[in-house]
Amino acid sequence: MDSNLNFTIQTLPGVSTTFNTINNSTQAGTHGTGGPGGSDGTDGSALGNSIFLRTGSSLTFMAENTGDLLTLGTQVAFTDDTIFGAGGTSVNIKGNGTVAYYGTSDYQGTVVINNANFKVNGLIDQALVFVCRNSNFSAQRGTLSGSGTLTGNVFANSGTISPDPGGTLHLGSLTLNEASSGALGSLVHIDINSNGSSLVAISGSASLAGTLEINLAPDTPPGQYTLLTSSGITGSFSSVTFTGNTLKTPIYSIAYLPVGAPAFVQFNFMGYPSPPPPP
């Protein structure tokens, strides 16, 4: 895609849409042979089956309405010209619906999630990721979900981090924010049931703040559940809320372990209060 242009791939209204075309393959060129007294050239490089973004260009995936689903299949990949010393590109995820990604991308630009749910079940390598809300579009938070891998730095502003139930969402690093005027703050959503918990696994550092939201299924047994792992944690969640079995108030504690140099967040569930004796 040429410099300073925007290309949009969008769902049809109310229709689940799949985009999985194989783009034109590229083959690396071989070097030329230098003339007398000259040196040989260098081989070219092949960027494969990728949507190639040049300087200043942007790619938008749009699922405009709640319930809209745009599926990006295993053949969909995007990259940019950062490796050639350029850059300044962005991939934007927009709308109130869901964009599901199953491909593999080596992309050094910026991914911005505004309001939509970006479900990553593939790999996005190196990209800087922002999970946000555009309040002029809707009140809905942006969400990064799935059981895939994003190796870059992830910033959840007015956004949600939500690994799939029973799954693990792998991130390079994670920075969360507190709520402030005009901003909802960050939210991490975790599902816990009789089979265990979902997990946010961070290879680098985690700076925690905002809300920890736990969907605690009624069949969840008492026990210790790991919710987030990291190479090192600073900060903590400001509040904990529960969905699911909301008729009962769980007995629990949140631990940042090991004490003094925390690297994981543990939910200690002790069950529910005993009902009062009959009159």
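The values are calculated or read from the model by the stated rules, or taken from the named source; none is laboratory data. Everything numeric here is computed off the predicted structure, so don't read it as measured data. Don't worry about glycine lacking a Cβ; one is built from the backbone with ideal geometry, like all the others, and counts go over all protein chains shown.
When the test is whether a residue is hydroxyl-bearing (S, T, Y) and either over 23 Å from N65 (Cβ atoms) or in contact with a Cys (Cβ under 9 Å, 6 or more places away or on another chain) (or both), T98 does not pass it. Can you name the residue in the stretch 211-236 that is within 19 Å of the chain's Cα centre (by Cα) and part of a loop (DSSP other than H, G, I, E, B) and is also nearest to A156 (Cα to Cα) among such residues? Selected residue: S230. In a residue-by-residue description of the stretch 221-234, the property of being within 29 Å of G122 (Cα to Cα), modelled with pLDDT of 95 or more and touching a His at 6+ places or on another chain (Cβ under 7 Å) applies to no position. Note on the stretch 218-261: residues that are more than 19 Å from L169 (Cβ to Cβ) and either out of contact with any Leu (no Cβ under 8 Å at 6 or more places or on another chain) or hydroxyl-bearing (S, T, Y) (or both) total 26.
Restricted to the stretch 257-274, and to residues there that are among the polar types (S, T, N, Q) and over 23 Å from the mean Cα position of the chain (by Cα), the residue that is farthest from Y225 (Cα to Cα) is S274.
The set of residues from the stretch 110-122 being in a loop (DSSP other than H, G, I, E, B) and buried (at least 22 other Cβ atoms within 10 Å of the Cβ) comprises N115, A116. Any idea which residue in the stretch 123-177 is surrounded by the most Cβ atoms within 10 Å (Cβ to Cβ), counting only those that are modelled with pLDDT under 95, farther than 22 Å from S207 by Cβ and of a type outside the set (A, V, I, L, M, F, W, C)? Out of the qualifying residues, it is Q140.
Of all residues in the stretch 213-229, those satisfying the criterion of being under 17 Å from G146 (Cα atoms) and either buried (at least 22 other Cβ atoms within 10 Å of the Cβ) or among the polar types (S, T, N, Q) (or both) are I214, N215, L228, T229. Scanning the stretch 230-279 for residues that are surrounded by 14 or more Cβ atoms within 10 Å (Cβ to Cβ) and at positive phi returns G235, G244.
Scanning the stretch 144-175 for residues that are part of a strand (DSSP E or B) and in contact with a Lys or Arg (Cβ under 8 Å, 6 or more places away or on another chain) returns S145, G146, G159, T160. Taking residues in the stretch 168-180 that are under 17 Å from R141 (Cα atoms), and partners anywhere that are among the basic types (K, R), not one pair has Cβ atoms closer than 6 Å while being at least 6 places apart or on different chains.
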